[in-house]
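Undergrad: To start, I am sharing the structure in question, which I have written as structure tokens.
The values are calculated or read from the model by the stated rules, or taken from the named source; none is laboratory data. Since this is a predicted model, take the numbers as computed values, not measurements. No Cβ is skipped: glycine too gets one built from the backbone with ideal geometry, and neighbour counts run over all protein chains shown.
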Amino acid sequence: MKKKKHKRKNKMLVFTAPSGAGKTTVVQHLLDEYRDILGFSVSATTRKKRKHERGGKDYYFISEEEFKKNIENNEFLEWQEVYNNQFYGTLKSEVERIWKKGKIMVFDIDVKGALNIKKIYGKDCFVVFIAPPSIDVLIERLKNRGTESEESLKKRIERVRNEMEFKDKFDMVLVNDFLPETFRKAEQIVERFLEIDEEE
Ligand code: ADP
Ligand code: 5GP
């Protein structure tokens, strides 16, 4: 784990991409590398939990009823119906939870959610669009991940082309081809954005 100090704390790093491009892989790597600095924004979702996922860590898995109650009570910073009848949202309480610890927030959210966060936080928020080397490679990775049913896979693939069109709206595009290289570039992004200095 890298021991670092950084200059400013109230910043946000957002990773966005079509499903299967590698957001979770990159974000998880950064959270391991910069454990003391970065805090993951745990989203609420109405989708079913995958086998390896843990409630409260990967997502807050909640019912549609509870999600809608949160919308009514104005508890979301942003939310989207990413897929038909599947809701995802960032709770305002997450910002408080992470900033209270003095950590920088890291998001893994869809392209529309990323644009909304950027609109609210401006230059304190850096948005990285993770692009696959090609759409075919992304489809292959999604299939190999083995987490989706036929129907869910179809929903995700249908959305990819549309999401790719957003790519130039963000601060940076990171092409996720050879993973070690992607990790290295992602670390550079963190260090530059946060102006991290090596500890002596
Ligand atoms: P997302 O969170 O954007 O949906 P994931 O991080 O789950 O995407 O990645 C999708 C799948 O592709 C996972 O099985 C992951 O292990 C794999 N993967 C991610 N990046 C690469 C890469 N550079 N090369 C090969 N496989 C990758
Ligand atoms: P998955 O079901 O594969 O975990 O996520 C599906 C999509 O929803 C991904 O693009 C993911 O980044 C996005 N997502 C996850 N959490 C949020 C959130 O809180 N808000 C928004 N807008 N999208 C989210």
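Undergrad: Being among the aromatic types (Phe, Trp, Tyr) and within 17 Å of VAL26 (Cα to Cα) is the filter here, so list the residues in segment 123-169 that pass it.
TA: PHE126, PHE129
Undergrad: Here's another thing I want to ask about it. Within 15 Å of ligand 2 (Cβ to nearest atom), part of a strand (DSSP E or B) and not small (Gly, Ala, Ser): does that describe PHE107?
TA: Against the criterion (within 15 Å of ligand 2 (Cβ to nearest atom), part of a strand (DSSP E or B) and not small (Gly, Ala, Ser)), PHE107 qualifies.
Undergrad: Still on this structure, I have one more. Out of curiosity, is TYR59 more than 14 Å from ligand 1 (Cβ to nearest atom), modelled with pLDDT of 95 or more and within 30 Å of LYS185 (Cβ to Cβ)?
TA: No; evaluated as a whole, the condition is false for this residue.
Undergrad: Here's another thing I want to ask about it. Within segment 176-189, take every residue that is in contact (Cβ under 8 Å) with a residue 40 or more places away in the chain and in contact with a strand residue (DSSP E or B) (Cβ under 7 Å, 6 or more places away or on another chain) and give me the one that is nearest to ligand 2 (Cβ to nearest atom).
TA: My answer is ASN176.
Undergrad: Give the residue that is nearest to the chain's Cα centre (by Cα), with candidates limited to residues of segment 14-66 that are of a type in the set (Lys, Arg) and either away from ligand 2 (no atom under 14 Å from the Cβ) or not in a loop (DSSP other than H, G, I, E, B) (or both).
TA: The extreme case among them is LYS23.
Undergrad: Would you mind telling me which numbered condition in (1) surrounded by 14 or more Cβ atoms within 10 Å (Cβ to Cβ); (2) over 20 Å from LYS112 (Cα atoms) PHE166 fails?
TA: Here PHE166 clears every test but (2).
Undergrad: State the number of residues belonging to segment 154-175 that are in contact with a helix residue (DSSP H, G or I) (Cβ under 9 Å, 6 or more places away or on another chain), within 14 Å of ligand 2 (Cβ to nearest atom) and not basic (Lys, Arg).
TA: Qualifying residue count, segment 154-175: 7.
Undergrad: Please tell me if LYS7 is touching a Leu at 6+ places or on another chain (Cβ under 8 Å), at pLDDT below 95 and surrounded by fewer than 13 Cβ atoms within 10 Å (Cβ to Cβ).
TA: yes
Undergrad: While we're here: Condition first: closer than 23 Å to VAL127 by Cα and outside any loop (DSSP other than H, G, I, E, B). Now tell me which residues in segment 143-167 satisfy that.
TA: ARG156, ILE157, ARG159, VAL160, ARG161, ASN162, GLU163, MET164, LYS167 - these are the residues of segment 143-167 that are closer than 23 Å to VAL127 by Cα and outside any loop (DSSP other than H, G, I, E, B).
Undergrad: Looking at TYR88, TYR83, TYR60, can you tell me which residue is in contact (Cβ under 8 Å) with a residue 60 or more places away in the chain and not charged (D, E, K, R)?
TA: None of the others qualify; the one that does is TYR83.
Undergrad: Mind listing whichever residues of segment 110-129 are in a helix (DSSP H, G or I) and either within 10 Å of LYS11 (Cα to Cα) or free of Cβ contacts under 8 Å to residues at least 24 places away in the same chain (or both)?
TA: LYS119, TYR121, GLY122, LYS123, ASP124
Undergrad: May I ask you to verify whether GLY102 is outside any helix (DSSP H, G or I), small (Gly, Ala, Ser) and away from ligand 1 (no atom under 15 Å from the Cβ)?
TA: For GLY102, the condition - outside any helix (DSSP H, G or I), small (Gly, Ala, Ser) and away from ligand 1 (no atom under 15 Å from the Cβ) - is met.
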